[in-house]
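Notes follow once the structure below has been shown.
Nothing in this text is a laboratory measurement; each read-out follows from the coordinates by a stated rule. Everything numeric here is computed off the predicted structure, so don't read it as measured data. Note that we place each Cβ from the backbone using ideal geometry, even for glycine, and neighbour counts take in every protein chain shown.
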Amino acid sequence: MKPIAEQVVVITGASSGIGRASALAFGAKGARVVLAARNRDALEHVATQIEASGGQAHVVVTDVAEWPQVERLAEQAVQRFGHIDTWLNNAAVNEHASVLDMTIEELDRIIQVNLMGQIYGVKAALGPMRRQRSGTIINMGSAASNRAVPLHSAYVASKHGIAGFTDSIRLDLMREEMPITVTLIQPGFLDTPFFHNARAKLGGHQSRPIPPIYAPEVVAETILFAATHPRRNLVVGGQAAMAIFLEKLSPGLVDKLMLARGAGFRLQTENTPDDGVDNLFAPIPGTGAVRGTWGNEAIVSSFYTRHIECYPNRKRMLWAALGIGLVALARRGPPGASR
Ligand SMILES: NC(=O)c1ccc[n+]([C@@H]2O[C@H](COP(=O)([O-])OP(=O)(O)OC[C@H]3O[C@@H](n4cnc5c(N)ncnc54)[C@H](OP(=O)(O)O)[C@@H]3O)[C@@H](O)[C@H]2O)c1
């Protein structure tokens with residue numbers, strides 16, 4: 001894999017949050033970055049910042065729910081910079097609501113943007129990458145690719161779908177002996193504009209991330225790692241890794257923890273009223289931002305991801321030790337129990 005400074009990187013959802021943080025990080029290291037999303041003003045703002053930091057940027061306004069626009073994104077990237085090294089499928093929308101309160105159009109839109117948008121992105125990226133016989137595809141999953149969260153049913157479905165799709169195309173590429181890496185990134189909750197951008201039907205309240213909340217720059221750092229080190233999947237944040245571990249051990253227990261004392265609803269609901277503005281069908285005007293409004297709560301680095309998750313042997317050892325410890329505890333029974 002080439003050093004970042006020599007790479008051409010395509011990023012969908014580059015106008016906000018993780019995509020924007022990643023674009024700035026790639027640009028600061030000298031990559032040539034192709035910025036895709038629907039909000040032109042925000043993308044041009046990011047391009048100006050990248051150029052000011054010594055990188056090169058090219059804006060392609062794209063709705064990832066439309067195949068011809070995603071196909072055009074790949075063509076424009078190759079036309080402008082000659083090839084594509086890394087393609088980050090990151091764009092997504094969400095609605096915080098019970099499925100009973102969501103319209104068919106809203107459900108369709110979430111699947112179309114989040115799941116079909118990434119499927120289109122992979123298909124578009126594979127054209128030039130297969131011709132080059134090289135490349136890295138990074139798909140943005142979530143802890144929700146393994147673990148469901150209440151009030152996110154269509155979003156969780158899309159993230160489970162992305163995990164399955166990513167695993168399946170990796171197999172196809174391996175069967176063809178095509179040297180293209182496919183990585184799934186799985187963050188926990190983050191301080192990005194995602195929750196203000198999402199549509200909410202939470203009794204008039206604004207939605208919010210469940211703590212602990214990480215800064216999007218922690219995910220960007222992991223994405224840059226994935227662009228230079230072949231990995232199958234990378235979980236961002238110890239809390240997301242623990243949720244996935246517990247899910248494998250006992251999904252019923254995680255259900256109970258999530259719903260205890262109304263936590264599933266309470267922790268996702270802000271006291272502030274919802275402003276009724278969202279980006280489900282059209283972008284929100286403005287120049288966008290990397291961060292949301294939970295900056296004072298945000299954890300700015302992850303020891304677990306940086307030093308354990310990124311190294312498969314360390315990760316295997318940690319989770320095996322934890323698993324063995326938990327089984328031993330369960331066998332011993334509650335304190336004071338006779339043997
Ligand atoms: N925030 C979290 O807690 C969290 C946790 C785990 C995983 N993730 C994942 O991380 C990724 C980025 O989320 P984020 O937190 O950075 O959210 P964000 O700040 O809302 O960014 C979402 C991006 O997607 C773009 N987008 C939305 N619909 C689009 C469409 N139809 N076509 C093209 N671009 C579109 C938005 O730009 P425009 O509106 O300009 O098009 C924006 O750039 C998503 O895949 C999300 O599922 C987020």
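A simple charge model with +1 on the Cβ of Lys and Arg, -1 on the Cβ of Asp and Glu and nothing else charged puts the dipole of the chain at about 1440 debye relative to its Cα centre.
Taking every C-alpha pair closer than 8 Å and separated by at least 6 residues, the mean separation divided by the residue count of the chain gives a relative contact order of 19 percent. Rounded to the nearest 20 debye, the dipole size of segment 149-204 about its Cα centre is 340 debye, using +1 on the Cβ of Lys and Arg and -1 on the Cβ of Asp and Glu.
Packing, as the average of other Cβ atoms within 10 Å across residues, places the peptides 181-190, 9-18, 246-255, 285-294 in the order 9-18, 181-190, 285-294, 246-255, highest first.
Return, ordered by residue number, the residues of segment 9-36 whose backbone nitrogen is under 11 Å from a label point located 7 Å along Cα→Cβ of S53. Label zone hits: 20-31. Peptide packing for 60-71, 273-284 was compared via the average number of neighbouring C-beta atoms within 10 Å per residue; ordered from the highest value, the list is 60-71, 273-284. Each principal axis of the Cα cloud of segment 24-83 was taken in turn, and the coordinate range along them, longest first, works out to 32, 25, 14 Å. For the set K159/K201; K123/K248; K2/K248; K123/K315; K248/K315, the pairs lying more than 25 angstrom apart at their alpha carbons are K123/K248; K2/K248; K123/K315. Using only Cα coordinates, the Kirkwood hydrodynamic radius of segment 122-186 works out to 12.5 Å.
Any aspartates and glutamates with Cα under 15 Å of the K29 Cα? List them, leaving off those in the same chain fewer than 8 positions away. Within the straight-line cut-off, K29 pairs with E6, E51, D85, E217, E221. Dipole magnitude for segment 1-66: computed about the Cα centre from +1 point charges on Lys and Arg Cβ and -1 point charges on Asp and Glu Cβ, it is near 180 debye. Of the residues A91, A125, V290, the one whose Cα sits farthest towards the positive end of the charge dipole of segment 4-331 is A125 (charges of +1 on Lys and Arg Cβ, -1 on Asp and Glu Cβ, taken about the Cα centre). Between the Cα long axis of helix 40-52 and the first principal axis of the chain there is an angle of about 80°, rounded to the nearest 10.
Between helix 312-332 and the chain there is an angle of about 20 degrees, using the helix long axis and the longest principal axis of the Cα atoms. Along the axis of the charge dipole computed for segment 4-331 (Cβ charges of +1 for Lys and Arg, -1 for Asp and Glu, origin at the Cα centre), the listed residues M258, F303, I104 are led at the positive end by F303. A dipole drawn for the chain from +1 and -1 charges on Cβ atoms has a positive end, and of P230, V182, M317 the residue lying farthest that way is M317. Compactness of segment 4-331 was expressed as the Cα radius of gyration divided by 2.2 N^0.38 Å, which yields 0.96.
Here the Karplus relation 6.51 cos²θ - 1.76 cosθ + 1.60, evaluated at θ = phi - 60°, turns the backbone of segment 196-202 into coupling constants of 6, 6, 6, 6, 10, 10, 10 Hz, with x for every Gly and Pro.
Highest mean packing comes first when the peptides 30-38, 191-199 are listed by Cβ atoms within 10 Å, giving 30-38, 191-199. Which of the aspartates and glutamates could be linked to K256 by a straight reach, that is with a Cα gap under 18 Å, when you skip same-chain ones fewer than 8 residues away? Output for K256: E247.
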